[in-house]
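I have placed the structure first, in the form of structure tokens, so that the comments after it can refer back to it.
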Amino acid sequence: MLASMAASAATVPSFSLKSMASGQRRTATSKHSAKPTKTLSATTATNPVSSTTSTSTATSLPPKKVLVPIGLGTEEMEAVIIVDVLRRAGADVTMASVEPQLQIEASCGTKLVADTSISACSDQIFDLVALPGGMPGSVRLRDCAALQKITSKQAEERRLYGAICAAPAVTLLPWGLLRRRQTTCHPAFMHKLPTFWAVKSNIQVSEGLTTSRGPGTSYVFALCLVEQLFGESVAKGIGESLLVCLDDDNSRKEEFNKVEWSFDHIPRVLIPVANGSEEIEVVTIVDILRRAKVDVVVASVEKSVQILASQGTKIIADKLIGVAAELTYDLIILPGGTAGAERLNKSRILKNLLKEQELAGRIYGAVCSSPGILHRQGLLKGKKATAHPSIVSKLTNEVVNGTKVVIDGKVITSRGLSTVTDFALVIVSKLFGHARARSVAEGLVYEYPRS
């Protein structure tokens, strides 16, 4: 019956990136009546966006306005990926707090600072309202009267709105905004959806409402929203720039000179950050490792614990690097972002920590543009590695192409951006075994091999 309903409905956003097509079903019902903007510059339509700078649609029209509300316990991967991807597409994205204060602690402990309060958004008109999930974040969104009013008006006036993870069932359902719309959500909350309208797909579009399942489906969710706002060619270009559009034969990882990463204590991991660090990478690594019960310390190399990431997200680190350096770490991971990597490379304290890490035979790694830091400090000598395509040719060591993650002994590198999910899960697997990594992946609603 649902299949026949979908067949009789209007067309839906049509992009289909290879890496998104595998293992998922997109049984979207009807497309929103408002057509997406198609007046795009040739550059936007055809060229991939750089890993650290956003693009614009370069139209004569004002930018598309998007609201992403956050609250205590919001899922950080979902919130940050949605904001990051939409800003890369040229949207004017406002991250608004439903709490009395702008700073919130997300579900896995990342501290984010919103752009404004939700009350300041009440009189604005948005082209899209996108709700991240997480618990108790979805409850905090549900209980915000101002957000309910904004989202209900969005639906009434037939503008785009969406929700991911727990938010469709916990937030939109009590507001009455799922009526007669096919919907998906996180598997743990599917039982709350009306049976007739519940669909087990990773992405679902129905009468202006877009829903998705969890952190592991955040990229396809965000890119689907980009397509509805800006068109298929922009969504495809953004997907390619995020390394989402990888060939199916790209392996998850390659490992050389295999050694065990085992500890008789809870592993402690240092993630240094700076202004210009790529927020997708920082938040994804922190989120996944904390889900696996790793002791993660985020340390700022700036004078303040608050940093402004590459796409405008404000993140509060746990400590300054000088304080963090008083401890010993089992693993140090450098996030990317071109500007952020340059600032990390200038930190004397971090340079000393990395050198000590190598001399002590402890683990270290980097993603995106930051393998360049390791290279410049001589920490990739004799090691196989990978990096973001924009800098991989600058590495003089043996580069491994065609794989997302490369491990060589106690050094781990990744291409960055969307491949960081696999990077973090590979670390979990090395530290705790494949079963723990698969369990974390299931919670993310992310496909991960059974063996």
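Against the definition (open to solvent by 30 Å² or more (accessible area, probe 1.4 Å) and assigned to a loop (DSSP other than H, G, I, E, B)), how does K149 come out, yes or no? Considered against the rule, which asks whether it is open to solvent by 30 Å² or more (accessible area, probe 1.4 Å) and assigned to a loop (DSSP other than H, G, I, E, B), K149 comes out as no. Among the numbered conditions (1) closer than 18 Å to S262 by Cα; (2) open to solvent by 60 Å² or more (accessible area, probe 1.4 Å); (3) basic (K, R), the only one that K381 does not meet is (1).
One line per residue, one yes/no per condition, for (1) part of a loop (DSSP other than H, G, I, E, B); (2) more than 25 Å from D287 (Cα to Cα); (3) of a type outside the set (V, I, T); (4) open to solvent by 10 Å² or more (accessible area, probe 1.4 Å):
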| site | (1), (2), (3), (4) |
| --- | --- |
| L350 | no, no, yes, no |
| S390 | yes, yes, yes, yes |
| T396 | yes, yes, no, yes |
| I407 | no, no, no, no |
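Of all the criteria given as (1) surrounded by fewer than 17 Cβ atoms within 10 Å (Cβ to Cβ); (2) at negative phi, the one not satisfied by T171 is (1).
Please specify each residue of region 196-229 satisfying the condition of being more than 20 Å from the chain's Cα centre (by Cα) and in a helix (DSSP H, G or I).
Here is the first cut: in region 196-229, the ones more than 20 Å from the chain's Cα centre (by Cα) are 196-200, 205-209.
Result: F196, W197.
Sub-9 Å Cβ pairs linking a first residue in region 151-163 that is closer than 15 Å to L225 by Cβ to a second residue that is part of a helix (DSSP H, G or I) and open to solvent by 50 Å² or more (accessible area, probe 1.4 Å), at least 6 apart or interchain, are R159/K153, ordered by first then second residue.
On the given criteria, is S414 surrounded by 23 or more Cβ atoms within 10 Å (Cβ to Cβ) and in contact with an Asp or Glu (Cβ under 8 Å, 6 or more places away or on another chain)?
Numbers: surrounded by 23 or more Cβ atoms within 10 Å (Cβ to Cβ): yes; in contact with an Asp or Glu (Cβ under 8 Å, 6 or more places away or on another chain): yes.
So S414 passes the test.
Among the residues of region 423-434, is any within 17 Å of the chain's Cα centre (by Cα), among the aromatic types (F, W, Y), farther than 12 Å from A292 by Cα and open to solvent by 20 Å² or more (accessible area, probe 1.4 Å)? No; the residues of region 423-434 include none that is within 17 Å of the chain's Cα centre (by Cα), among the aromatic types (F, W, Y), farther than 12 Å from A292 by Cα and open to solvent by 20 Å² or more (accessible area, probe 1.4 Å).
Please determine whether any residue of region 438-445 is out of contact with any strand residue (DSSP E or B) (no Cβ under 7 Å at 6 or more places or on another chain), aliphatic (A, V, I, L, M) and not in a helix (DSSP H, G or I). Yes - at least one qualifying residue is present in region 438-445. Residues in region 297-333 that are of a type outside the set (A, V, I, L, M, F, W, C) and part of a helix (DSSP H, G or I): G322 alone. The residue list V298, V283, V244, V234 contains one member that is hydrophobic (A, V, I, L, M, F, W, C), over 18 Å from the mean Cα position of the chain (by Cα) and either surrounded by fewer than 24 Cβ atoms within 10 Å (Cβ to Cβ) or modelled with pLDDT of 95 or more (or both), which is V234.
Regarding Q154, is this residue surrounded by fewer than 21 Cβ atoms within 10 Å (Cβ to Cβ) and closer than 30 Å to G237 by Cα? Show your work before the answer.
Numbers: surrounded by fewer than 21 Cβ atoms within 10 Å (Cβ to Cβ): no; closer than 30 Å to G237 by Cα: yes.
Criteria not met by Q154.
Among the conditions (1) more than 29 Å from L289 (Cβ to Cβ); (2) not in a strand (DSSP E or B), Y161 misses just one, which is (2).
Kindly evaluate G336 against the criterion of being without any contact (Cβ under 8 Å) to a residue 12 or more places away in the chain and part of a loop (DSSP other than H, G, I, E, B). Here the answer is no, as G336 does not meet what is asked.
The values are calculated or read from the model by the stated rules, or taken from the named source; none is laboratory data. Keep in mind that this is a model prediction, so the values were computed, not measured. Here the Cβ is made from the backbone with ideal geometry for all residues, glycine too, and neighbour counts use every protein chain on show. Just so you know, the surface numbers come from the protein's heavy atoms only, side chains and all, with ligands and any DNA or RNA stripped out. Shrake-Rupley method; radii C 1.70, N 1.55, O 1.52, S 1.80 Å.
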